[in-house]
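Taking it in order: structure first as structure tokens, then the write-up.
The values are calculated or read from the model by the stated rules, or taken from the named source; none is laboratory data. All values reported here derive from a predicted model rather than from experimental measurement. Here the Cβ is made from the backbone with ideal geometry for all residues, glycine too, and neighbour counts use every protein chain on show. Quick note on the areas: whole protein, heavy atoms, side chains included, nothing else; ligands and nucleic acids left out. Shrake-Rupley method; radii C 1.70, N 1.55, O 1.52, S 1.80 Å.
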Number of protein chains: 2
Amino acid sequence: MNTSSPSLQQIRTLDQSDPLAAKRDEFVLPSNTIYLNGNSLGPLTRGAQRRGHEVIEQQWGKDLIASWNQHAWIDLPFTSAQKVAPLLGADASQLVCCDSVSINLLKLLSTCLQLQRPRTIILSQEDNFPTDLYVAQGLQSMLGPGLCQLKTVAADELIGALDENIAVLFLTEVNFRNGDRHDIQQLTALAQNKGILVIWDLSHSTGVLPLHLDDWAVDFAVGCGYKYLNGGPGAPAFIYANKRHHERIEQPIQGWMGHKDPFAFDPSYKKGLGVAQFLTGTPAIVSLAILDSALDVFSDIEITTIYGKATALSELFLGLIKDADVLQELKLESSADPSLRGAQLAFSHSDAYGICRALNEAGVVVDFRSPDIIRFGFSPLFLRFEDIWLATQMLMKTLEDKTYLAEKYSRKLKVT
Amino acid sequence: MNTSSPSLQQIRTLDQSDPLAAKRDEFVLPSNTIYLNGNSLGPLTRGAQRRGHEVIEQQWGKDLIASWNQHAWIDLPFTSAQKVAPLLGADASQLVCCDSVSINLLKLLSTCLQLQRPRTIILSQEDNFPTDLYVAQGLQSMLGPGLCQLKTVAADELIGALDENIAVLFLTEVNFRNGDRHDIQQLTALAQNKGILVIWDLSHSTGVLPLHLDDWAVDFAVGCGYKYLNGGPGAPAFIYANKRHHERIEQPIQGWMGHKDPFAFDPSYKKGLGVAQFLTGTPAIVSLAILDSALDVFSDIEITTIYGKATALSELFLGLIKDADVLQELKLESSADPSLRGAQLAFSHSDAYGICRALNEAGVVVDFRSPDIIRFGFSPLFLRFEDIWLATQMLMKTLEDKTYLAEKYSRKLKVT
């Protein structure tokens, strides 16, 4: 390694002066693991561990049905959303936690198409996260081309494609593969100038990138509860709907929890106030309570501090590997400019899958993304700068030793 | 009480000879509580308690993202469904657990409308469970009257309303209020004779009533995980799709988990095999794992045994109260013929809400259903015959003492 790279001693001073260093103790982390996958499934917090026990054993187990009132289960979609609000730069009255990102996108897309009639086109990006495209494709098949057409273009063609025929612009801020980051404020304003509504998928942003949805006058957004928010596997997602739309919205993915008075058992649907109408069925309370608790780790820190550390971690990673000969076979697919990427780095390699498996077995947990991407996520609440040094050491060793060529890595596991 | 009612001693012999008596030990039940609300939120099983701890602390906490493969999280929608299959009389290849009842109904209704074009009418019952009606109303508003119209009729007008204009008949077997039970086999056959597809909501049936979906050639069904299945608050629901439809189905509520190869990150949706296409977003794994474990209590018992005890419990209840003068002010709203009702009894009373609150405070947990219904649920895996005696004693005492008139019960809680 070139002498211009920081030494381990220098790196340890970064940890000593890290304002987020104490946050690590709020997480349950397995030993001998460097977890560069908090962007895929965030780890368990100690608070969520306690809350899981509490909601299962104390609430459901002892208080049973009375818990809906006694432990305010009925309010959890809103109380959890209140904790997401500061991370989005949003007034909490515009947020609710429920269902999955896919289902919530369906709610928003169908709502936007209703609001925008006679416009019928959903504009998105060819390499948007696949589930986002699948939701729109399904809606198109359900409504038929007379009511809905999905149009996808390359990222650099988006601005040129914004015109008065487009009903809704539907994008993910941070690309799941390479981490490329859109300028939400600019694209939102350009779209709105053409009378287009904008839906942002913030799954790879929330909890790590600074967001100012209210200031940017974003129309709608969704995001994932289980990545940087650490809400647990398949945690409920959130929906943001700017309050200027609340009166006009008639969200059609209806269910009793979105009714203005669910326990009146009225045979006719009457939409709940504000974002309440985005609720559909009974929330998965155990998963939602765990998300609610996981969000508490954000209560005493600023998103700018988190983002600053995320950037410092990924820049350190790049600095540590830039002069290693053996690493020249990895091609950086993410922007080298941290302001143009999310809190992740993607590298391509023809043996990416084997390298990921070998790293994971060595305790450096990273993601493979088909066909040839190794993805490193920099979730700043539990990662130390020293972890980055250790991870790059292991990466270099893996590439030198070529352990990734082992036969056992040739067959892909079901989930990659 | 009339001497023709069984004595407590006689009732205790029923418990002694109950083949399900030992099942009670598999549940965590609070002391001093008689829980006649297992039809609304089933109690925690000891297995689910352990599994909750395991999935949170051992799997998510220690094995993190690797758990998707290592602990087969990815298969949970199917492995849990395999345990539901025998309760439905269904081959497991037709079942998957995911999302909520409301979302799953939306999947089925939109699928059926696609299959049935040019038919556009959804036929349901005026007093179907409200969320079922809301889902259909929302779909109608989304698709417009050219593609979808909801028609509702009274229960006794359903058969007469079946004609060649109807796309789908959409009913709940057991009415949530009075427990009235439809004849699934008869209605399914009558509808199919007119080329109508049938969707059954089995939320108040599954786990307590004998079902033979395959033998009855039912087209589609959904059901709730948190009532008689004891899967926990907001547990995932299930979907049944008869295999004769699998090839033709193009389920439009799409998401990556329903793709035939989710981790290929293909920009175009290609439906998963069979019922896999009914998956949408990432499943709420903690809630799903708990449901999966809760279902294990059914592994060594027959549904006919469960149903037999449910009937015996509700008949005992009716027998114990039939001669009590003070109870004559309660009007039985359920059928007196157990073969015509589900595992519940509903009574109307002008002070129903106060009576429910007073009973609940006295440890007899029952449900209020607006506007004037007291609902008693007979979930046979943890209830003893003696509990029925104690519950009726408390009911009589409450009505005699008129404790339900207390000021504190005059204001309704948020969740009733």
Q: State whether one or more residues within the range A:236-259 are of a type in the set (Lys, Arg), over 30 Å from A:LEU8 (Cβ atoms), within 14 Å of another protein chain (Cβ to nearest Cβ) and free of Cβ contacts under 8 Å to residues at least 60 places away in the same chain.
A: no
Q.
Looking at the range A:288-300, I want the residues that are hydroxyl-bearing (Ser, Thr, Tyr) and have a partner that is surrounded by fewer than 24 Cβ atoms within 10 Å (Cβ to Cβ) and at pLDDT 95 or above with Cβ atoms under 6 Å, at least 6 apart or on another chain. Which pairs are those?
A. A:SER293/A:GLY47; A:SER293/A:ARG51
Q: For the range B:23-42, indicate whether the set of residues that are surrounded by fewer than 21 Cβ atoms within 10 Å (Cβ to Cβ), part of a loop (DSSP other than H, G, I, E, B) and more than 10 Å from chain A (Cβ to nearest Cβ) is non-empty.
A: yes
Q) Among B:ALA346, B:ALA294, which is more than 30 Å from A:SER100 (Cα to Cα), within 14 Å of chain A (Cβ to nearest Cβ), among the hydrophobic types (A, V, I, L, M, F, W, C) and under 23 Å from the mean Cα position of the chain (by Cα)? A) B:ALA346
Q: Look through B:SER379, B:SER339, B:SER314 and report the one residue that is open to solvent by less than 10 Å² (accessible area, probe 1.4 Å) and part of a helix (DSSP H, G or I).
A: B:SER314
Q: Within the range B:224-272, track down each residue that is at positive phi and surrounded by fewer than 24 Cβ atoms within 10 Å (Cβ to Cβ).
A: B:PHE265
Q) Among the residues of the range B:394-410, is there at least one that is of a type in the set (A, V, I, L, M), farther than 23 Å from B:PHE129 by Cβ, touching a residue at least 12 places away in the same chain (Cβ under 8 Å) and open to solvent by less than 10 Å² (accessible area, probe 1.4 Å)? A) yes
Q: Report the residue count in the range A:89-103 for those that are open to solvent by less than 10 Å² (accessible area, probe 1.4 Å), under 26 Å from A:GLN185 (Cβ atoms) and among the hydrophobic types (A, V, I, L, M, F, W, C).
A: 3
Q: For A:GLU386, state whether it is surrounded by fewer than 19 Cβ atoms within 10 Å (Cβ to Cβ), away from every other protein chain (no Cβ under 14 Å) and acidic (Asp, Glu).
A: yes
Q. Which numbered condition trips up A:LEU106, out of (1) facing chain B (nearest Cβ under 9 Å); (2) out of contact with any strand residue (DSSP E or B) (no Cβ under 6 Å at 6 or more places or on another chain); (3) surrounded by fewer than 21 Cβ atoms within 10 Å (Cβ to Cβ)?
A. (3)
**Q.** Which listed residue is open to solvent by 10 Å² or more (accessible area, probe 1.4 Å), closer than 28 Å to A:ALA235 by Cα and in contact with a helix residue (DSSP H, G or I) (Cβ under 9 Å, 6 or more places away or on another chain), from A:VAL365, A:VAL326, A:VAL286
**A.** A:VAL365
Q: Can you give me the number of residues within the range B:382-416 that are of a type in the set (Gly, Ala, Ser), under 29 Å from the mean Cα position of the chain (by Cα) and more than 29 Å from B:GLU315 (Cα to Cα)?
A: 0
Q. Can you spot a residue in the range A:404-415 that is within 14 Å of chain B (Cβ to nearest Cβ) and part of a helix (DSSP H, G or I)?
A. yes
Q: Collect the residues in the range B:49-78 that are open to solvent by 40 Å² or more (accessible area, probe 1.4 Å), within 7 Å of chain A (Cβ to nearest Cβ) and of a type in the set (D, E, K, R), keeping them in residue-number order.
A: B:LYS62
Q: Take B:PRO86 and decide whether it is surrounded by 19 or more Cβ atoms within 10 Å (Cβ to Cβ), at pLDDT 95 or above, more than 10 Å from chain A (Cβ to nearest Cβ) and part of a helix (DSSP H, G or I).
A: no
(Q) Here's a check for you: in the range B:9-22, which residue that is under 19 Å from B:TYR228 (Cβ atoms) and either assigned to a helix (DSSP H, G or I) or facing chain A (nearest Cβ under 10 Å) (or both) is least open to solvent (accessible area, probe 1.4 Å)? (A) B:ALA21
**Q.** Single condition A:ASP25 does not satisfy, out of (1) free of Cβ contacts under 8 Å to residues at least 24 places away in the same chain; (2) among the charged types (D, E, K, R); (3) closer than 18 Å to A:PHE378 by Cβ
**A.** (3)
Q) within 20 Å of B:LYS227 (Cβ to Cβ), within 14 Å of chain A (Cβ to nearest Cβ) and modelled with pLDDT of 95 or more, is that true of B:ARG375? A) yes
